[in-house]
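> Have a look at this one before I ask anything.
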Amino acid sequence: MLLIPCPWCGPRDEAEFHYGGQAHVAYPADPAALSDEEWARYLFFRDNPKGRFAERWSHTAGCRRWFTLTRDTATGVFESEAGA
Amino acid sequence: MTSRRREGVAGETLRFRYDGRDYEGLRGDTLAAALLANGVRAVVRSGGLGRPRGIYASWTEEPNALVQIEEPFPEPMLQATTVELYDGLVATGLGGRGRLADRPDPARYDAVHAHCDVLVVGAGPAGLAAATAAAASGARVILADDRPAAGGCLPDTGETVDGVSGTTWAAGMLAELAGRPEARVLPRTTVFGYYDDNYLVAVERREEGAASRERIWRIRARRVVLATGAHERPIAFAGNDRPGVMLAGAARAYANRYGVLAGRRAVVFTTGDGAYDAARDLAAAGVEIAAVADVRRDAHALDEALAVAGPLAGTEVLTGHVVTGVGSAPDGSVASVTVSGPSGEREIEADLLLVSGGWNPVVHLFSQSGGALRFDEELHAFVPGEAAQAVEVAGAARGVYTLAGCLEDGVATGTRAAEAAGFRVPPHPVPAAERVTALPSGRLWLVPADDYETHFVDLQREVTVADVMRATGAGLRSVEHVKRYTTAGTAHDQGKLFGVLTSAVVAHATGVEIGDLGTTTFRAPYAPVSFAALAGRDRGMLHDPVRVTSLHGWHAAHGALFENVGQWKRPWYYPRPGEDMETAVLRECRAVREGAGAMDASTLGKIDVQGPDAAEFLDRLYTNMMSTLKVGAIRYGVMCRADGMVFDDGTVMRLAEDRFLATTTTGNAAAVLDWMEEWLQTEWPSLRVYCTSVTEHWATVALAGPRSREVLAGLAPGLAVDAASFPFMTWRDAEVAGIPARVCRISFSGELAYEINVNAWDGLALWEAVVGTGVVTPYGTETMHVLRAEKGYPIIGQDTDGTVTPADLGMDWVVSKKKADFVGKRSHARADTSRPDRKHLVGLLPEDPGLLLPEGAHLVATSRLPEPPVRALGHVTSSYRSAALGRTFALALVSGGRERIGERLYVPLGGDPVPVTVTHHVLYDPEGARRDG
């Protein structure tokens, strides 16, 4: 079980968290201006790298805050403890 | 009865029964030791081949001696080598599968979460040295050991440390740890899993009289020291499964630890020096050593040393010899051993064959941690390589096989671990032990033969070298594939003894180096763990929280049956004496449509949304406009995911300019709150909005039916209840039955209806007042479902499944055309969401008005099913008997359904598909005439 560094609470067990997938996928500023393909890309397409990956976590059983961490998906090791 | 106990060994006598016969043992024995002491050699018969099998090892690595405990409580698949003997034990030998208990387990199982700076696994010489060194620094140390008593192999070998017996030294180390307030020793505790970020899980078998029988320890450690020792390795030769064939170290352990002699006359078959120590101890204990077959041709130095003095003086050492056969007694156990070598072939009479093929470090936990293994060419064994976590390995677990070396390694490793965790270790003395030098070991995995049908590489799964060669002959090259093809290494022992040997045989057969081939993956658990222990107290009522409303006691006292909705218990229906479900629900439905009914609606999710930007926030999440809602008014709303599919629905009431109360479906309350928080925190942090769950603060009574206004007027004389003063979709604060209440005029049945909200602790008083009027019938969720379905109101999650848009539900009216954007809006403009063949919510009337369609049934176009594949047009989502319609009806999602209204479709139910007519989804009071009473 991963030990996840919550920027608000400190390191806590993975079981306290909810995974939120790839980080930095912003809601488009003007969805109406997007083509179907661009909108589908926002909705359905996410990276799946082996290695560095910025991802969102929510400390659902703790402070309930969302934050971003970078993790190596091959080793499970978090890169930084800073939230974004 | 044959006693194989060493002279002078005494203790408390314990009686036990094995395979229907009564025996006696001593306190401190394992069941295996007690059986050997009674001369029981063939303890089980193998499951497949029915071959007699004996005790092969002395601890958790035992492959053969599986037993079923019968008394005091039935437990299957325990190892006789680890079961501590107690008075009255009743057990039977198991060839293969065990039997689960036929009665509830009266024992309690517990769990502990623990944190430490240094976790030491194994309380042998290296582990004790590591733990005491680390603990001297003041670090929080946990020492976990799977045996009842500390010392590891010391009681087996009888070696001395610091001039005292190993057992005495180990007791001294425990006393030292007991004086360290931050140190904790866990005996009888097997660390069986090593997971990410130094999270290890162990099971503790507690002593009799403890508050629980077993305890799971979940330990997060800064640093881990693995001092897990080594397992002696068997050799593959013909007949190596006979009772009486035993690891040399195991026979030594039975002699020294338990005072039990495993035989009378032994042949030793070895690749190294270790077996000589075992042979010496056994000879001293009274076992005649007939000969030593040493595979090394250069073992003459030993031969000469042995001839001089000591218990082995004069013992014949056959260098360069191997065992090529085992002769058996009538019971199948060893009667003679055939050895071959430069001197030719000889048959030697013996009842015990001690085998030592070298040692395998116990690298299981290290490997589970992600650490790499490498093959050491001098030790002929896999040893820990590069670590992937904050872990170090000490002693025999990394191939240090001398006692002095283990003690030195333990102190060094424990010191390093504590210092890496940020502590300073004062200078720590290394306990003293005799230094010995050994000759290099030989390497032999497999005694060559013409026929490999009895060269076993897995005694429990009964896999032989011949089976492995069949696998490699079939083209398999990977040990993982051979394992699955042959099942070698898949039994309870997971190949602890034979796994590496199997790899070696595969390497031999495929002509590669074992170091290049590797081992199969080591996975948790290291040793079998009972589900009862893993479940702990999370069983029965504690398995999952049960949520009940403040009215639950009343419902239960009045005979309600309950339906599970998420974790909530909701009254399903209230049968009167003699009523079945159908009758009760029809009666409740009629009461609401013709008089008045009351339902406990407290479980609906309620979220208080406050802040200057609350209206803007709700506009972005709901498909319809919430900012135009007047204070005092209520609006029904739908939320979609970004993909445009309906996610939840409910009402929103505006309490103030900057404050709303949103209700959610019962099962989705937490998800909706999470959804709101996610958008607020990650996309719209500039919005000044706070969301708070208030579900349990309120008790809600739904009062529905044409007579509900009259009932409310009687209970709330201060409230103007006429339709003009209190219109549909508004709320009023008032006293109801003398209780401060918020009354909403909303309806989920199509009838004139109210929802009365009060403080949760006033819920029961309100309910009793409402029902006490004598004209109000309590109704449950089933009636609520029927009534809403008659009106075509969908239940999100029952009539929808995450692929349904508001338009599919015929609810275009709930989607704002004015708002520039809301979550899901862009998706409603995708080509896919406007396809004419999308599934629409429609009503179905079976042509047989008494036929109740099963929910989930599929719809097809033809009265006869064509050859598969058959295209299903949709499926039934809700189906009920209607009192108001006097017949059955259903809701369904049907492809292009709104264009099919009036069409006949068919539902295959096993026999001929039954005809149904597609209708509009609103079947009752389509003009909404009953809403105002």
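> Name the single residue that is surrounded by the fewest Cβ atoms within 10 Å (Cβ to Cβ) among those in the stretch B:471-509 being aliphatic (A, V, I, L, M) and outside any helix (DSSP H, G or I).
Only one residue tops the list, namely B:Ala474.
> Just for the stretch B:382-406: of the residues that are among the hydrophobic types (A, V, I, L, M, F, W, C) and out of contact with any helix residue (DSSP H, G or I) (no Cβ under 7 Å at 6 or more places or on another chain), which one is most open to solvent (accessible area, probe 1.4 Å)?
Among them, the one singled out is B:Ala388.
> While we're on this one: Please work out if B:Trp761 is outside any strand (DSSP E or B), in contact with a Pro (Cβ under 9 Å, 6 or more places away or on another chain) and away from every other protein chain (no Cβ under 14 Å).
No.
> Which residue, of B:Met645, B:Met626, B:Met639, is within 14 Å of chain A (Cβ to nearest Cβ) and over 21 Å from B:Tyr880 (Cα atoms)?
B:Met645
> Another question, then. Say we look at the stretch A:4-28 and pick out the residues that are in a loop (DSSP other than H, G, I, E, B) and in contact (Cβ under 8 Å) with a residue 24 or more places away in the chain; which of these is farthest from the other protein chains (Cβ to nearest Cβ)?
The extreme case among them is A:Cys9.
> Being open to solvent by 60 Å² or more (accessible area, probe 1.4 Å) and modelled with pLDDT under 95 is the filter here, so list the residues in the stretch B:433-449 that pass it.
B:Glu434, B:Arg435, B:Val436, B:Thr437, B:Ala438, B:Leu439, B:Pro440, B:Arg443, listed by residue number.
> Next question, about the same structure. What do you reckon, is B:Ala527 at pLDDT 95 or above, crowded, with 18+ Cβ neighbours inside 10 Å and closer than 27 Å to B:Glu214 by Cβ?
In short, yes.
> Does at least one position in the stretch B:877-899 carry a residue that is in contact with a Leu (Cβ under 8 Å, 6 or more places away or on another chain), closer than 25 Å to B:Phe647 by Cα and open to solvent by 20 Å² or more (accessible area, probe 1.4 Å)?
Scanning the stretch B:877-899 turns up no residue that is in contact with a Leu (Cβ under 8 Å, 6 or more places away or on another chain), closer than 25 Å to B:Phe647 by Cα and open to solvent by 20 Å² or more (accessible area, probe 1.4 Å).
> Can you find a residue in the stretch B:743-762 that is among the small types (Gly, Ala, Ser) and out of contact with any Phe, Trp or Tyr (no Cβ under 9 Å at 6 or more places or on another chain)?
Checking the stretch B:743-762: at least one residue is among the small types (Gly, Ala, Ser) and out of contact with any Phe, Trp or Tyr (no Cβ under 9 Å at 6 or more places or on another chain).
> Only residues that are assigned to a loop (DSSP other than H, G, I, E, B), open to solvent by 70 Å² or more (accessible area, probe 1.4 Å) and either in contact (Cβ under 8 Å) with a residue 40 or more places away in the chain or of a type in the set (A, V, I, L, M) (or both): list them for the stretch A:29-60, please.
Within the stretch A:29-60, A:Ala29 is the sole residue that qualifies.
> Of the residues B:Ala230, B:Ala221, which is over 30 Å from B:Asp351 (Cβ atoms), crowded, with 22+ Cβ neighbours inside 10 Å and within 33 Å of the chain's Cα centre (by Cα)?
B:Ala221
> In the stretch A:32-56, what count of residues is obtained for those that are under 14 Å from the mean Cα position of the chain (by Cα) and more than 11 Å from every other protein chain (Cβ to nearest Cβ)?
Total meeting the criteria: 8.
> Identify, please: which residue in the stretch B:672-686 is open to solvent by 40 Å² or more (accessible area, probe 1.4 Å) and of a type outside the set (Ser, Thr, Tyr) and is, among those, nearest to the other protein chains (Cβ to nearest Cβ)?
That would be B:Glu683.
> Among the residues of the stretch B:742-770, write down those that are more than 29 Å from B:Leu923 (Cα to Cα) and open to solvent by 10 Å² or more (accessible area, probe 1.4 Å).
B:Arg742, B:Asn757, B:Asn759, B:Ala760, B:Trp761, B:Asp762, B:Leu764, B:Ala765, B:Glu768, B:Ala769
> Can B:Tyr690 be described as surrounded by fewer than 19 Cβ atoms within 10 Å (Cβ to Cβ) and on the phi < 0 side of the Ramachandran plot?
Against the criterion (surrounded by fewer than 19 Cβ atoms within 10 Å (Cβ to Cβ) and on the phi < 0 side of the Ramachandran plot), B:Tyr690 qualifies.
> Out of everything in the stretch B:636-675 that is among the charged types (D, E, K, R) and over 37 Å from the mean Cα position of the chain (by Cα), what residue ends up being nearest to B:Val609 (Cα to Cα)?
So the residue we want is B:Arg659.
> Being within 15 Å of B:Arg745 (Cα to Cα), open to solvent by less than 20 Å² (accessible area, probe 1.4 Å) and part of a loop (DSSP other than H, G, I, E, B) is the filter here, so list the residues in the stretch B:630-669 that pass it.
Correct list: B:Gly632 only.
> Open to solvent by 10 Å² or more (accessible area, probe 1.4 Å), closer than 30 Å to B:Gln494 by Cα and in contact with a Cys (Cβ under 9 Å, 6 or more places away or on another chain): does that describe B:Gly152?
Judged against the criteria, B:Gly152 is a match.
> Okay, next question. Out of (1) buried (at least 24 other Cβ atoms within 10 Å of the Cβ); (2) more than 27 Å from the chain's Cα centre (by Cα), the odd one out for B:Gly93 is which?
(1)
> Which of (1) open to solvent by 10 Å² or more (accessible area, probe 1.4 Å); (2) under 24 Å from B:Ala221 (Cα atoms) is the odd one out, the single condition B:Asp351 does not satisfy?
Against the list (1) open to solvent by 10 Å² or more (accessible area, probe 1.4 Å); (2) under 24 Å from B:Ala221 (Cα atoms), B:Asp351 comes up short only on (2).
> Next question, about the same structure. Among the residues of the stretch A:61-84, which ones are open to solvent by 50 Å² or more (accessible area, probe 1.4 Å), more than 19 Å from B:Pro685 (Cβ to Cβ) and within 11 Å of another protein chain (Cβ to nearest Cβ)?
A:Ala74, A:Thr75, A:Val77
> For the stretch B:180-202, indicate whether the set of residues that are touching a helix residue (DSSP H, G or I) at 6+ places or on another chain (Cβ under 8 Å), away from chain A (no Cβ under 14 Å), surrounded by fewer than 24 Cβ atoms within 10 Å (Cβ to Cβ) and within 13 Å of B:Gly127 (Cα to Cα) is non-empty.
Among the residues of the stretch B:180-202, at least one is touching a helix residue (DSSP H, G or I) at 6+ places or on another chain (Cβ under 8 Å), away from chain A (no Cβ under 14 Å), surrounded by fewer than 24 Cβ atoms within 10 Å (Cβ to Cβ) and within 13 Å of B:Gly127 (Cα to Cα), which makes the answer yes.
Residue-wise test of (1) of a type in the set (Val, Ile, Thr); (2) within 30 Å of A:Asp36 (Cα to Cα).
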| residue | (1), (2) |
| --- | --- |
| B:Trp572 | no, no |
| B:Glu579 | no, no |
| B:Val585 | yes, no |
| B:Gly595 | no, no |
| B:Leu604 | no, no |
| B:Val609 | yes, no |
| B:Ala633 | no, no |
| B:Met639 | no, yes |
| B:Leu661 | no, no |
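> Look at the stretch B:676-709 and say how many of its residues are assigned to a strand (DSSP E or B) and within 14 Å of B:Val609 (Cα to Cα).
Matching residues across the stretch B:676-709 total 4.
> On the given criteria, is B:Asp821 modelled with pLDDT of 95 or more, over 44 Å from the mean Cα position of the chain (by Cα) and within 13 Å of chain A (Cβ to nearest Cβ)?
Considered against the rule, which asks whether it is modelled with pLDDT of 95 or more, over 44 Å from the mean Cα position of the chain (by Cα) and within 13 Å of chain A (Cβ to nearest Cβ), B:Asp821 comes out as yes.
> Restrict the check to the stretch B:810-823 and report whether at least one residue is among the basic types (Lys, Arg), outside any strand (DSSP E or B), open to solvent by 10 Å² or more (accessible area, probe 1.4 Å) and free of Cβ contacts under 8 Å to residues at least 12 places away in the same chain.
Looking through the stretch B:810-823, at least one residue is among the basic types (Lys, Arg), outside any strand (DSSP E or B), open to solvent by 10 Å² or more (accessible area, probe 1.4 Å) and free of Cβ contacts under 8 Å to residues at least 12 places away in the same chain.
The values are calculated or read from the model by the stated rules, or taken from the named source; none is laboratory data. All of these numbers come straight from a predicted model, not from anything done at the bench. Here the Cβ is made from the backbone with ideal geometry for all residues, glycine too, and neighbour counts use every protein chain on show. Note: areas computed on protein heavy atoms with side chains; ligands, DNA, RNA excluded. Shrake-Rupley method; radii C 1.70, N 1.55, O 1.52, S 1.80 Å.
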